[in-house]
1. List, by residue number, every residue in segment B:145-173 with a reduction of 50 Å² or greater in accessible area between the chain on its own and the complete protein assembly, 1.4 Å probe.
2. What net charge do the residues around A:Glu205 carry, taking every other residue with its C-beta under 14 Å from that of A:Glu205, with Lys and Arg at +1 and Asp and Glu at -1?
3. When the Karplus curve 6.51 cos²θ - 1.76 cosθ + 1.60 is applied with θ = phi - 60°, which whole-Hz ³J(HN,Hα) does each residue of segment B:136-144 get, with x for Gly and Pro?
4. Over the Cα atoms of segment B:98-215, how large are the radius of gyration and the largest Cα-Cα distance (Dmax), in Å?
5. Which whole-number value in Å² is the accessible area per residue of segment B:256-382, probe 1.4 Å?
6. From the Cα gyration tensor of segment B:271-332, with a ≥ b ≥ c the square roots of its eigenvalues, which class applies: rounded if a/c is under 1.5, or else prolate if a/b is larger than b/c, or else oblate?
7. Name the residues of segment B:50-88 whose amide N is less than 17 Å from a point 7 angstrom out from the Cα of B:Ala36 along the C-beta direction?
8. Kirkwood Rh and Cα-based Rg: tell me the resulting Rg over Rh for segment A:91-187, rounded to two decimals.
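The values are calculated or read from the model by the stated rules, or taken from the named source; none is laboratory data. Quantities reported herein were computed from a predicted structural model and do not represent experimental measurements. Because the Cβ atoms are built from the backbone with ideal geometry, glycine has one as well, and the counts that use them run over all protein chains shown. Side chains included, ligands, DNA and RNA excluded: accessible areas come from the protein's heavy atoms. Shrake-Rupley method; radii C 1.70, N 1.55, O 1.52, S 1.80 Å.
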Amino acid sequence: MAVTARSIAGALLALLGPEGLSDDDASRARAAVDGLVPRWVARPASLEQVCGVLALAHDAGLAVVPRGSGSSLELGHPPARADLVLDLRGLDRVLEWSPDDLTVTVEAGITAGALARRLDARRQLLPLDPPGAGARTLGGLTATNASGPLRARYGTLRDLLLGVRFVQADGVLTWGGAKVVKSVSGYDVPKLMIGALGTLGVLGELTLRLHPRPEAEGAWLVTAARPADAQAFVVALLDSPLQPNRVELLDGAMLGACGLGPAAAAVVADAVRAQGEAVVALARRAGSTVAPTPEDFWARYEREATRGDVRLRVATGVDGLAAALDAIARADGGARAGGCAAHGLLDVALGVAEPPAVAAVVARLRELVAPAGGGVVVQRAPRAVRAALDPWGPVDAGPLALMRGLKDAFDPRRVLNPGRFVGGL
Amino acid sequence: MPLTRAVVEELARILGPDGLIHSAEGRLVYECDMHAFYKGAPDVVALPSDAAQVQAIVRLCRREGVPVVPRGSGTGLIGGAMAPAGGVMVGTNRMDRILELDLVNRCATVEPGLINLWLTRAVQDRGWFFAPDPSSQMVSSIGGNVGTNAGGPHCLKYGITVNHVLGLELVTGAGELVRLGGKVAERPGYDLTGVAVGSEGTFGLVTAVTVRLLHVAEAVKTVLASFPDIEAASEAVSAIIAAGIIPAALEMLDDIMIRAINEGSGADYPKGAGAVLLIELDGPAAEVEAQAARCAAICWERGALEVRVARDEAERALLWKGRKEAAGAVGRLAPTYLLQDAVVPRSKLPAIMRELVAIGARHRVQIANVFHAGDGNLHPLILYDDRNPEELERAKAANEELLRACIAMGGTVSGEHGIGLDKAKNLPLEYADADLNFMYRLRGVFDPQRLMNPQKLLPSHPACGEGFRPARPRLPDGAWI
């Protein structure tokens, strides 16, 4: 029997109630993704409702765009279709916090800020701090594999996500992983959901590993005359028994934006205070100068790092950082960069905004980092820019075929975020 | 179905004259891993020396519909590196080179047959190490560690194998040689590396591994505390974690193990203690000092009989000696044992240890304990005499009951050993049909013919079959259909 918009609307309404569904012009326009205006905006209040919506969408052939805070809707290719936007911010409960186990299970729509406020009572921490994380949902942070400065010590979601409850494209509720800190029971399904942009399932609940908040820290600003000197300091720091929490490399422009400098580049490292002397000695040996970092540095840095309409993440080796900084400065005089140097990452806000100019910068940087196995992903840019280049960059044919195989196996009808992911999946 | 002569000849052509074992006595060596309960010899054993040979083997087996079973050092504990359906076993022992050391980027690329400890030995003079440290690390291969996602005492702080694998080279079950992940972070796309680690050879055969190396810490401190009983020691473990201290390792041994170790190894663990905790802290010197003092105080508060702090490397080695020789010491307790690997939330340790004592009493079996207490990963050894079939039945019943108790407390079937043939049947205790079916389909993406290490990891269960459809949500009445 034919599926009509009218009968779908009726079914959605029966599922979600009037408070959970909008189809007025204003709501639809607000929820537009890259200019595609959805026919419905669903705001489920329970995971059961998410299952129902996806079962319906699957059978009716609708394209569903899951979203949290909406901060990363400009990540990836412009979507091929967008019939229904699934706003998950209503699923924001802490389901189970076991402080003595250092684990927490939350609904995916909770923001990192709301969770942090709860955890603070027991001096615990989910060490996930990409710029603006406080307002972003944990589901969104997981789906985009976001990371910030604390990655230097604590790693990424790969090291933090223990279990995940998700809804498959056809509405089937599924669990993967475990609620304990150590498990090898079956395939590590949570890994598959990290950074997948919701294309294999909609994230519903997350079980996460927590850490004790570190003891008293100090932060040191190590300024260098040349990017190469900053890189030398990073290499020396990593090849030492010091245990920094954050190792951020900033270019001169970012340093200036944070009210520091002038210098060609700088590294901000923080660690327990007792290690301060050793940090200073290492910096001097690498030919850099050391100063205490202003109290509000990390807040300033976070604010500056969220700016920019066109933002890239450049991944290179630790030994490729200086060359990348030089290339960025040459390619775009208005760019500024800062990133997790311990993992060879630079987050770059470009000065140029015209699609061909951005495409040229991205192409040059990709050419630079490709030999070392690096890449450049456009984290955020207007639709016109992302239509003029491949925001993800090239993926080898072998892995891409497996990724396509996964998408074919778990979302053959292309319900979930169609077109946005790597290879147009 | 034994291999045809034509297939064996083709394998011999791929591998050269000394790359194939097909004599009956030669194959016998390969009939089991260290879980000797499960036996199944392969039809032939292939010993390739490079990825091209591995790929040629897989393509041939795929064409002929022959099972392929990977094997590293055979030290697994799950009935993994054995061939219940025959076929070709691929031993990675000849592929044991370190391909690249890149200390600036803190990583190494190695072949799968490389012995775990050899990697640390290659970099320790320069201050680096490879963190996953299963007790078998002197003999187990990194490929095997990757296959089972192996753990070890120091995983409490540093994470299990997957947290240290940056990239893999893999011959998939479809016969394709693919490179997943790599030295540089942030590859766009799905984390295929992450999901392939721990797939126990059911996705394909790993031919190279890129791993993270860690720098040794500024300071390390080892504390040994003895307690009147295992419950008090469990309370101390929970209190240490709850105090926000993540030791590098936090190991527990019970009285049965203490006796066996003292008799066997000459390690001098406190006699008469009901349990011993081995606590190792590493990190910045100042932090380690403070945390060691805090751990000692917590142990005293929880009724410790004695607390020893190692003053130097020699004393530290002595404290660890008993723990490291525990597996060997078990032999003096009973002819055979069943080994569990279940996990409970660490705050539930006191409760599960009470339950364990009760289960042992109910089934009249002796249960010895030596385990990774800090992450709630139990290793109860259920002792029995295999000459007495009735005793084996009681041991099995106790094993099953304990596993169910762990899962009822929110735990899981395996913390670090893996699933293999041994625990596949237990997965439905932990996962619903839809979850199992997802895993079944996931495996099919990498190995469409399901020839790679058959019968391992996934259970024989309706949800792990082609025709199965998980229950879907009911749509509201009045929908269009």
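1. B:Asn163
2. On the way: positive: A:Arg93, A:Arg165, A:Lys179; negative: A:Glu48, A:Asp92, A:Glu96, A:Glu107, B:Asp435.
Its environment carries a net charge of -2.
3. After applying 6.51 cos²θ - 1.76 cosθ + 1.60, I find 7, 4, 6, 10, 6, 8, 5, x, x Hz.
4. Just the Cα atoms of segment B:98-215 yield Rg and Dmax of 13.2, 41 Å.
5. Numbers: 4990 Å² over 127 residues.
Normalised by residue count, the accessible surface of segment B:256-382 is 39 Å².
6. On the way: a/c = 2.57, a/b = 1.39, b/c = 1.85.
Oblate, because a/c is 1.5 or more while a/b does not exceed b/c.
7. Output list for this probe position: B:74-83.
8. Details: Rg = 13.4 Å, Rh = 14.2 Å.
Rounded to two decimals, Rg/Rh equals 0.95.
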